[in-house]
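Chemist: Just passing along the structure, written as C-alpha cells.
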Amino acid sequence: DIHVTDGDINGDVDTTGSVTAGGDINGDVDTTQTVMAGGDINGDVDTSADVNVGGDISGDVDTTGDVNVGGDVGGNIDTTGDVEVDGDVNGDITTDGDVTVHGDANGDIEAEKVKVYGTAENYEPDED
C-alpha cells in the first residue's frame, strides 16, 4: 500500500496495494486496489477497485469498481461499477452500472441508468 497523508504523489504509481494521497496525484496510477486522492489526479487510473477523488481527474479511468469524483473529469471513464460526478464530465462514460452527473456531461454515456442534474450534450435515453 502507498499512503501519503500530507502532500502530493509526483510520478507514476504501479503497485498491487491501495493508493491514498492527502493531496494530488501527478502521474498515472496502476493498481489492483482502491485509489483515493483528497485533491486531483493528473494522469490515467487503471484499477480493479473503487476510485474516490475529492477534486478533479485529468485523464482516463479504467476500473471494475465504482467511481466517485468531487470535481470535474477530463477524460473517459470505463467501468462496470457506478459513476457519480459532482462536477462536469468532458469525456465518454461507459458502464454496466448507474451514472449520476450533478453538472454537465459532454460526451457519450452508455449505462444501465442515467441521472443528469445539469445537461447531457450527447446522451439520448433508450426509448423503452
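The values are calculated or read from the model by the stated rules, or taken from the named source; none is laboratory data. On a predicted model such as this, the values are computed, not experimentally measured, just so you know. Cβ atoms come from the backbone with ideal geometry, glycine included; neighbour counts cover every protein chain shown. Ligands, DNA and RNA are stripped out before the accessible areas are found, and what is left, the full protein with its side chains, is counted by its heavy atoms. Shrake-Rupley method; radii C 1.70, N 1.55, O 1.52, S 1.80 Å.
Chemist: Roughly speaking, what is the stretch gain from N90 to D12, that is 0.36 nm per residue apart minus the C-alpha to C-alpha distance, in nm to one decimal?
Modeler: 25.8 nm
Chemist: Given charges of +1 on the Cβ of Lys and Arg and -1 on the Cβ of Asp and Glu, with all other atoms neutral, how large is the dipole of segment 17-78 about its Cα centre, in debye to the nearest 20?
Modeler: So the magnitude is around 220 debye.
Chemist: At 1.4 Å probe size, with every protein chain present, just tell me what the per residue accessible area of segment 86-128 comes to in Å².
Modeler: On the way: 2710 Å² over 43 residues.
I get 63 Å² per residue for segment 86-128.
Chemist: Show me 7-16, 65-74 ranked by packing, highest mean number of other Cβ atoms within 10 Å first.
Modeler: Values: 7-16: 13.9, 65-74: 20.8.
So the order, starting with the most tightly packed, is 65-74, 7-16.
Chemist: Then there's this: Find how much the distance from T64 to E112 grows on full extension, using 0.36 nm per residue of separation minus their present alpha carbon separation; answer in nm with one decimal.
Modeler: Using 0.36 nm per residue and subtracting the Cα-Cα distance, I get 15.8 nm.
Chemist: A further question follows. Skipping prolines and chain starts, which residues have an amide H placed within reach, meaning under 5 Å, of the one on T100, given they are 5 or more residues away or on another chain?
Modeler: It is V83, E84, V85, K115, by chain and number.
Chemist: At q = 0.09 Å⁻¹, what base-10 log of I(q)/I(0) does the Debye formula yield for the chain when every alpha carbon is treated as an equal point scatterer in vacuo?
Modeler: Here the Debye-derived log intensity ratios amount to -0.23.
Chemist: Can you work out ³J(HN,Hα) from phi for every residue in segment 2-13, in order, using Karplus 6.51 cos²θ - 1.76 cosθ + 1.60 and θ = phi - 60°, giving whole Hz and x for Gly and Pro?
Modeler: For segment 2-13, the Karplus curve yields 10, 10, 10, 6, 9, x, 9, 10, 10, x, 5, 10 Hz.
Chemist: Between S48 and N122, what FRET efficiency comes out of the Förster formula 1/(1 + (r/R0)^6) with R0 = 22 Å and r the beta carbon distance, rounded to 0.05?
Modeler: E between N122 and S48, to the nearest 0.05, is 0.20.
Chemist: So, with a 1.4 angstrom probe, what is the percent of accessible area on the chain that is carbon and sulfur?
Modeler: Carbon and sulfur: 36 percent of the exposed surface of the chain.
Chemist: In terms of modelled amide H atoms, which long-range or inter-chain residues lie less than 5 Å from the amide H of E110?
Modeler: Result for E110 returns I93, T94, T95.
Chemist: What does the highest-first list of 104-112, 27-35 look like by mean Cβ count within 10 Å?
Modeler: Peptide ranking by packing, descending: 27-35, 104-112.
Chemist: Across segment 21-30, in residue order, what do the Karplus-derived ³J(HN,Hα) couplings come to in whole Hz, using 6.51 cos²θ - 1.76 cosθ + 1.60 with θ = phi - 60° and x for Gly and Pro?
Modeler: 3J(HN,Hα) across segment 21-30, in whole Hz: 10, x, x, 8, 10, 10, x, 6, 10, 10.
Chemist: Sticking with this structure for a sec: Under a point-charge model restricted to the Cβ atoms of Lys and Arg (+1) and Asp and Glu (-1), what is the dipole moment magnitude of segment 70-115 relative to its Cα centre, in debye to the nearest 20?
Modeler: With Lys and Arg at +1 and Asp and Glu at -1, about 80 debye.
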